[in-house]
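The values are calculated or read from the model by the stated rules, or taken from the named source; none is laboratory data. This one's a predicted model, so the numbers in the text were calculated from it and none came from an experiment. Methodologically, a virtual Cβ is constructed for each residue, glycine included, from the backbone with ideal geometry; neighbour enumeration extends over all protein chains shown.
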Amino acid sequence: MSVATVSLSGVGKAFGPATILHDVSIEVAHGEFVALVGPSGSGKSTLLRMIAGLEEVTSGEIRIDGRVVNDVPAKARDVAMVFQNYALYPHMTVAQNLGFALRMRRLPRAEIGRRVGEVARSLNLEELLDRYPRQLSGGERQRVATGRAIVRQPQVFLFDEPLSNLDAALRVHVRAELRALHRKVGVASIYVTHDQVEAMTMADRIVVLRGGRIEQIGAPLDLYDRPASIFVATFIGSPA
Ligand code: ADP
Ligand code: MG
């Protein structure tokens, strides 16, 4: 039997007296792209942050490649996260931004150059390597932020509304790029969005969160054809 790349079983989260996630169980296979959707405040970011190791797990278990990681610190997890506010290092060039995590890991200079070149090629950043972030458009910055995450070659990719700062036309374009990249790199991706069109067009499966609980998990067409509740039907059927 193959082991899911990411597996959450009975995961809960409390901040003081407030329990904001309840008994969340999700399995994401190698190569799978899962969208996590739900209204603001439903616990999407907190769930991603727990998988990344940026937030402690209150109950249940998180496994990556079969290993329980509840007590494994963020930097020792094979996970990369791309945020909505992808703050690039302003005083570093694109090439330096891309290579930063590898310099921190003390990889040999030639290996860093090779990996940065590879990532720049796959994200169409080759012409931009000597520019500074302020000299880039929003879409270009987004690509650099993505590149900065994949250069480490993580097993797991977490995206927290990475396109919400881009205008609509660009969003469609970068969406396709991210999906193609996922296909190429073959990792397990969890993609948070509040945009159901994004979820429907990008995801192999969609997880719907509501008030910290899973409302439904299914392929996009399953949710569309057989929504488990009025809540899911309204979410899937509403305009972006
Ligand atoms: P989403 O990303 O779906 O909008 P979040 O995961 O950011 O939701 O937040 C879920 C709930 O947890 C919200 O009610 C939020 O106020 C609360 N929350 C998030 N982070 C903290 C924190 N550090 N301390 C207390 N409450 C928090
Ligand atoms: Mg959020």
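Residues are listed down the side, and each one gets a yes or a no for (1) within 22 Å of Asp204 (Cα to Cα); (2) within 16 Å of ligand 1 (Cβ to nearest atom); (3) modelled with pLDDT of 95 or more:
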site	(1), (2), (3)
Gly43	yes, yes, yes
Leu47	yes, yes, yes
Glu55	no, yes, yes
Glu61	no, no, yes
Val72	no, no, yes
Ala76	no, no, no
Val82	yes, yes, no
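Tell me which residues, restricted to the stretch 153-167, are within 13 Å of ligand 1 (Cβ to nearest atom) and part of a strand (DSSP E or B). Leu158, Phe159, Asp160, listed by residue number. Per this entry, Glu161 is counted among residues that are within 16 Å of ligand 2 (Cβ to nearest atom) and either of a type in the set (Asp, Glu) or without any contact (Cβ under 8 Å) to a residue 40 or more places away in the chain (or both).
Restricting Val24, Val37, Val3 to residues that are of a type in the set (Val, Ile, Thr) and more than 16 Å from ligand 2 (Cβ to nearest atom) narrows the list to Val3. Taken over the stretch 4-39, the criterion of being in a loop (DSSP other than H, G, I, E, B), touching a residue at least 12 places away in the same chain (Cβ under 8 Å) and surrounded by fewer than 15 Cβ atoms within 10 Å (Cβ to Cβ) is satisfied by Gly31, Pro39.
Applying the criterion of being of a type in the set (A, V, I, L, M) and in a helix (DSSP H, G or I) to the residues of the stretch 128-152, the residue that is farthest from the chain's Cα centre (by Cα) is Leu128.
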